[in-house]
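Okay, structure first, notes after.
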Amino acid sequence: MTGLQQATASRLLAALLCAVMAALTAGAFAQTPTGAGKAYVLTVDDAIGPATRDYIVRGIEQAEDERAELVVLKLNTPGGLDASMRDIIRKVLASKVPVATWVAPPGSRAASAGTYMLYASHVAAMAPSTNLGAATPVQIGGGGGGDRQPATPIERAREALKDEADGSEPNSSTDSTEQSNDTEGAAADESAQTAEPIAGDASTRKAVNDAVAYIKGLANRHGRNAEWAERAVREAVSLTAAEALELNVIDVVAEHLPELLAAIDGREVRMDEGTRTLATADLQTVDIEADWRTELLAIITNPTLAYILLMVGIYGLILEGYNPGALVPGVIGGICLLLALYAFQILPVNYAGLALMALGLALIAVEIFVPSFGILGIGGIVAVMFGSVILFDSGVPGLEMNTGLVAGMGFGSALVFGAIVWLAARSLRKPRLGGREALIGQKAEAISDFTGGEGRVHLQGEDWRAKSSQPIARGDTVRILDMEEQGFVLDVEPADRSDESTR
C-alpha cells in the first residue's frame, strides 16, 4: 500500500469515528429525560369528576414519558364520583413514577373520594389545619347515603341493653371498655360490633361493604391504618392532619412543598414493580397546568351548565320548528343538545328525571298546535320542574344541582307559555285580516268602464271583477261593499257618492 493510500484510509477512518461519536452524542442528548431531577405538581381544587380524572391520568402519563422523579398531587376536594376516583387510583397504583398525594394548602380537605386517593398514593401527606375522612359512599339515584346512624333511638336502646347485660352504666365511654383488662370480654365485644348489621337497605350495605374492602386493601398495600379506614367508611369519621399522622393514616405533615420533598427523601415506597427509595431533597418542582381540553371538560360536565345546555338545546329546536329556515335557533340548539347529552353520558344522571323533562318539553311544544286550553302546557311545565329536581343526585359532593336555577327555569318557562297563550287569545279577539271581512270598506280604482253593471277594479296590486248598480267610469274611485264567495266578484259603488251619503 502506497503512502497516498494509507493517508486516504486514515482520513476515512477518522471521518467514520467522528460520525460515530456525533451519533452517540446526539443519541445521548435525545435520550436524556426532560423530567430528570424534577417533581411534577398536579393541583386539584374541585370535586373528583371526569375532568379531574382526565387531568390526573394524563399528568401521570406525562411524568412517566418524561421520566420524572416524583408526581405530587396537591389535593383539596369534597369528594366526587366513584367511577372517576377508581380510574385515578388504578393509574396511581400502576404508575412507574411515585405519586405523593399532599392535602394542601392549610384549610383544605380530602373528604370522601379524596380519602381513598390518599390511601392509594405511595406517599400520603397533609398540611397543618387540613382534614380527611367522611368516606361513606353515597348511592347514586337516591336510596340513602349509606351512613350508619348509631344515634337512632333503636340503636341507643340496643346499646343500653348491651351495657346493662355487661354490668356497665348506659352511655358509658367506649374508651373505658378498650382499657379493660378482660381480654375475653373485649374480644367478644369486638366480634359483636363487627357482626352488627349496617343500617340501610341491601344496596346500601353492599356499597358500604365494597367500599370497606376497597379502602382496607389500599391501606394494607402501603402499611397504613386499615382499622381507621374502615371506620371512615362505616361511621364517616374524620381526622385532622396531626391525628392522622399519630394514627398512621398518613406518612408526613408538611406545610410547604420543599418541606414535603425534604421529609420524604430516602423513604422506601412500594411500586408496582417493587420497592423504590425516593431521592427528593433537591428536586426541581414543575407545575402541570390543566390544558384547554380539561378546562372544557370541566365546564361541560358541571351539572348546572349541562342542565342549561339541555334547556337551550331543546328550546332552540322548538323555535326552529316554529320558524323553519331561521337556522340560528336550530344550529345553536343542536350544538347545545349534543354537548348536554355528552355531559349526561358521564354524569350520574337519573334517567327518570331526564324522561320527565323530555315529556314536559314535548307537551309544551304540542300545546301550540293542539288547542287544549292550557292543560298540555301546564302539565309540561310541571313535568319539567319535577324532572329538573331529580335529574342529578344531590348527595354526590360537588355535583349538586342549583335549585335556584331550576326554579328560575320553571318560572321562565311558565312566563313564556303564558305569553304564548295571551298572544293567541288576543289574536282570536282581533278582526280577521284576510278574506271577505278584510275587503269590505276598502277603496279601489276602476280600470275599465262598467258596461251592463260589470267592470274591473284594481285593489292592493290585484285586478278584480266587480259589479255595481250605479254607473262607473274608468279612473273612478270605488268603495267595496261586499264580495261574492263564488266567483270572487266584488260589489262596489262610487266612493264620492258614498262619502256624500255618509255626510
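The values are calculated or read from the model by the stated rules, or taken from the named source; none is laboratory data. Predicted, not measured: the structure shown is a model, and the values here were computed from it. Counting neighbours? That spans all protein chains shown, and the Cβs are built from the backbone with ideal geometry, glycine included.
Over 30 Å from Lys96 (Cα atoms), in contact (Cβ under 8 Å) with a residue 24 or more places away in the chain and either of a type in the set (Gly, Ala, Ser) or surrounded by fewer than 15 Cβ atoms within 10 Å (Cβ to Cβ) (or both), is that true of Leu338?
Answer is yes for this residue.
State which residue is nearest to Gly377 (Cα to Cα) when the search covers only region 319-366 and only residues that are in a loop (DSSP other than H, G, I, E, B) and within 24 Å of the chain's Cα centre (by Cα).
Looking at the filtered set, the residue picked out is Asn350.
Yes or no: region 55-64 includes at least one residue that is at pLDDT 95 or above, more than 25 Å from the chain's Cα centre (by Cα) and not small (Gly, Ala, Ser).
No.
Do we find that Val396 is at pLDDT 85 or above and crowded, with 16+ Cβ neighbours inside 10 Å in this structure? Give the steps one after another, and end with the answer.
Details: at pLDDT 85 or above: no; crowded, with 16+ Cβ neighbours inside 10 Å: yes.
Criteria not met by Val396.
Just wondering, is there one or more residues in region 402-413 that are over 22 Å from the mean Cα position of the chain (by Cα) and modelled with pLDDT under 75?
yes
Restricting attention to region 270-295, report how many residues are modelled with pLDDT under 90 and not in a loop (DSSP other than H, G, I, E, B).
5
May I ask you to verify whether Ile308 is in contact (Cβ under 8 Å) with a residue 12 or more places away in the chain and either crowded, with 20+ Cβ neighbours inside 10 Å or within 30 Å of Val97 (Cα to Cα) (or both)?
no
Output the number of residues of region 280-297 satisfying the condition of being among the aliphatic types (A, V, I, L, M), closer than 18 Å to Arg67 by Cβ and out of contact with any Asp or Glu (no Cβ under 8 Å at 6 or more places or on another chain).
Residues flagged as among the aliphatic types (A, V, I, L, M), closer than 18 Å to Arg67 by Cβ and out of contact with any Asp or Glu (no Cβ under 8 Å at 6 or more places or on another chain) within region 280-297 amount to 2.
Here is a list: Ala262, Ala242. Which entry is assigned to a helix (DSSP H, G or I), free of Cβ contacts under 8 Å to residues at least 24 places away in the same chain and either outside the structural domain of Pro106 (by TED's automatic domain parsing) or of a type outside the set (Val, Ile, Thr) (or both)?
Answer to the selection: Ala262.
Considering region 446-468 alone, what residues qualify as being modelled with pLDDT of 85 or more, assigned to a loop (DSSP other than H, G, I, E, B) and closer than 11 Å to Val492 by Cβ?
Matches in region 446-468: Phe450, Ser468.
Give the residues of region 483-503 that are at pLDDT below 85, surrounded by 12 or more Cβ atoms within 10 Å (Cβ to Cβ) and not hydrophobic (A, V, I, L, M, F, W, C), sorted by residue number.
Result: Glu484, Asp496, Arg497, Ser498.
Please determine whether any residue of region 340-348 is out of contact with any Leu (no Cβ under 9 Å at 6 or more places or on another chain) and within 19 Å of Ser388 (Cα to Cα).
To start, the set of residues in region 340-348 that are out of contact with any Leu (no Cβ under 9 Å at 6 or more places or on another chain) comprises 342, 345.
Now narrow it down to the ones that are within 19 Å of Ser388 (Cα to Cα): 342, 345.
Yes, the conditions are met somewhere in region 340-348.
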